[in-house]
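Heads up: the structure comes next, in structure tokens.
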Amino acid sequence: MQIDFSDCSVPGCGDPDAAIGVFDSGVGGLTVLQELRRLLPQENLIYLGDTARVPYGTKSAETVQKYACEAAAFLVGKRVKMVVVACNTASSVALDLLREQLPVPVIGVIEPGASGAIRVSRSGIVGVIGTEGTVASDAYPQALRALNPEVQVYSAPCPLFVPLAEEGWAQHQIAALAAQEYLAPLLAASIDTLVLGCTHYPLLKPTLKQLLPTKVELVDSAWETAQMVWQILQAGGMLNRTSSGEWQFFVTDVPRRFVRVGGAFLGADLAAVERVRLASASV
Ligand code: DGL
């Protein structure tokens with residue numbers, strides 16, 4: 001994907017030293033932030049978790065679009081050079097709208113996840129797991145078919161994985177039992193690739209690997225997205241070369257739970273987290 005950063009008139013957009021803005025419905029997007037941090041340690045990152053309104057995965061597309069516009073507008077107000085929609089549900093239903101409305105480039109997680117799956121799948125039979133909203137949107141199958149019209153896609157919502165990951169039970173036998181139920185139809189379809197289409201699912205990788213035949217490759221949309229962000233910034237001459245990488249965290253409800261649960265998602269302690277109010281957006 002090529003993006004022309006000079007196309008943009010708002011402050012921050014054409015500035016390589018501006019931060020990358022990342023938003024999610026809550027803590028989950030910290031898995032994307034962690035991958036961005038690993039790959040792009042010199043980038044300044046501003047993260048917004050919409051903790052007052054999480055989960056997005058059970059809500060209607062219209063509601064998630066409204067929330068996503070408000071979250072993204074907050075980040076644009078911080079003069080970011082790019083917005084990364086870490087939330088799979090928001091990426092599924094709001095990406096086109098965000099791209100129309102925002103004056104900065106917007107990267108979602110669906111397209112990177114889909115291209116990762118097409119790259120690794122040998123049989124062209126791909127499984128996708130995500131929230132109810134992500135699966136209902138059909139965004140992953142559409143993105144996969146856009147890259148390879150022959151691909152066969154089998155999707156399954158796995159709603160229990162989100163609370164299990166937040167509870168610290170991603171490796172617990174309850175998670176293994178839930179995974180067994182959720183993945184049975186996908187295994188019956190002989191998938192050879194499984195897209196982890198939700199921010200929380202990378203935490204379940206060890207549990208999923210134990211259950212899946214070794215031929216099944218896991219595609220982590222968080223990792224794939226970080227690779228795509230790197231490529232886009234590199235191609236656009238927009239990599240930050242001056243900073244040692246600062247990060248800032250904002251949430252829309254009291255930060256207590258975000259700080260406690262988020263450490264496991266980020267793989268690091270969360271220090272200063274500020275509560276903010278989002279301006280309402282009409283969609
Ligand atoms: N962040 C959401 C996603 O990736 C999962 C949590 C939620 O439902 O809000 O789809």
Exercise. Roughly to the nearest percent, how much of the accessible area of the chain is carbon and sulfur, given a 1.4 Å probe?
Worked result: 50 percent
For this session: Divide by every residue of the chain the summed helix terms, -39500 (n - 2.57) for each DSSP H run of at least 4, and state the resulting mean residue ellipticity at 222 nm, rounded to the nearest 500 deg cm²/dmol.
Result: -13000 deg cm²/dmol
Exercise. Rounded to the nearest 20 Debye, what is the dipole magnitude of the chain about its Cα centre when Lys and Arg each give +1 and Asp and Glu each give -1 at the C-beta?
Worked result: 380 debye
Exercise. By how many nm would the segment from SER280 to ASP17 lengthen if fully extended, with 0.36 nm per residue of separation less the alpha-carbon distance?
Worked result: 91.8 nm
Exercise. Against the longest alpha carbon principal axis of the chain, how many degrees, from 0 to 90 and to the nearest 10, is the axis of helix 61-77 turned?
Worked result: 40 degrees
For this session: Only Cα pairs under 8 Å and at least 6 apart count here; give the relative contact order of the chain as a rounded whole percent.
Result: 28 percent
Seminar exercise, completed: In degrees, nearest 10, the alpha-carbon axis of helix 256-266 is tilted away from the dominant principal axis of the alpha carbons of the chain by 70 degrees
Seminar exercise, completed: Any residue on another chain or 5+ positions along whose placed amide H is under 5 Å from the amide H of LEU218 is listed here as LEU194
For this session: Describe numerically, in nm with one decimal, the distance between label points set 7 Å from Cα along Cα→Cβ at LEU187 and at GLU150.
Result: 2.8 nm
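For an R0 of 45 angstrom, estimate the FRET efficiency from the Cβ-Cβ distance between LEU160 and SER244 and round to the nearest 0.05.
Given R0 = 45 Å and the Cβ-Cβ separation, E is 0.70.
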Exercise. Relative to the longest principal Cα axis of the chain, at what angle does helix 88-101 sit, 0 to 90 degrees, rounded to 10?
Worked result: 40 degrees
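May I ask you to compute the full-extension gain from ARG122 to ARG38, defined as 0.36 nm times their residue separation minus their alpha-carbon distance, rounded to one decimal in nm?
27.4 nm
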Exercise. Most fluctuating residue of GLY124, GLY267, GLY133 in a GNM of the chain with Cα springs under 10 Å: which is it?
Worked result: GLY267
For this session: Enumerate the amide H contacts of MET82 below 5 Å, restricted to partners 5 or more residues apart or on another chain; note that Pro and chain-start residues carry no placed amide H.
Result: GLY21
Problem set entry | Heavy-atom accessible area per residue - the chain, 1.4 Å, Å² | 43 Å²
Seminar exercise, completed: For GLN248, other-chain or 5+-apart residues with amide H closer than 5 Å (H placed, Pro excluded) are LEU45, ILE46, TYR47
Exercise. Using only Cα atoms, what is the ratio of the radius of gyration of region 121-228 to 2.2 N^0.38 Å?
Worked result: 1.00
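The values are calculated or read from the model by the stated rules, or taken from the named source; none is laboratory data. Just so it is clear, the structure is predicted and the values come from calculations on it, not from any experiment. Every residue, glycine among them, receives a Cβ derived from its backbone with ideal geometry; neighbour counts consider all protein chains shown. The protein model used for the area step is the full one, side chains on, heavy atoms only, and it has no ligands, DNA or RNA in it. Shrake-Rupley method; radii C 1.70, N 1.55, O 1.52, S 1.80 Å.
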